[in-house]
Amino acid sequence: MAITLTRPGSRAHAEGMPENRPDPEVPAKAQRRRHGVEYKLQILEEADRATEPGEVAALLRREGLYSSHLAAWRKQRRDGTLAGQARGRKGKDQRDRRIEELEKENIRLAKKLDQAETIISVQKKLSRLLGIEQTTDEDTES
């Protein structure tokens, strides 16, 4: 009976695993592991109940986890963020949006003021060139 082996050099090849079985060393496509809140709480409870030396290590090996998972999950449980956070950019809150609007309006009004001051200075120069007497607001009020 001839057995077709997996790719040469792999552990599966050395152990004589048939080719129709997937190679356990190389996944088709790596996927991010996602752990639900219930699972995290269950693991944390088991780790907290462990009293004998090596129990936590055995738990981590059995579940395929790292001690950093426990540390991060304990911190999240303490902070109340165990359910996780949305990935990606954080949205702006209402206060930040309002500040942004006011800054844009401030820039727009500053440009408008600069334009008005330029027009007024041109009008003053033109009136001086033409010899037209200028009246000020103080002259018209009295």
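Tabulated values for the structure
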item	result
Spread of Cα-to-Cα distances over 10 Å intervals beginning at zero, given as percent, for segment 33-84	25, 60, 15, 0
Net charge of Cβ neighbours under 14 Å - reference ALA110; Lys, Arg +1; Asp, Glu -1	0
Separation in nanometres of the label points that stand 7 Å from Cα toward Cβ, at LYS92 and ALA116	2.6
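No lab work stands behind these numbers, since they all come straight from the coordinates. Quantities reported herein were computed from a predicted structural model and do not represent experimental measurements. We place every Cβ from the backbone using ideal geometry, glycine too, and count neighbours over all the protein chains shown.
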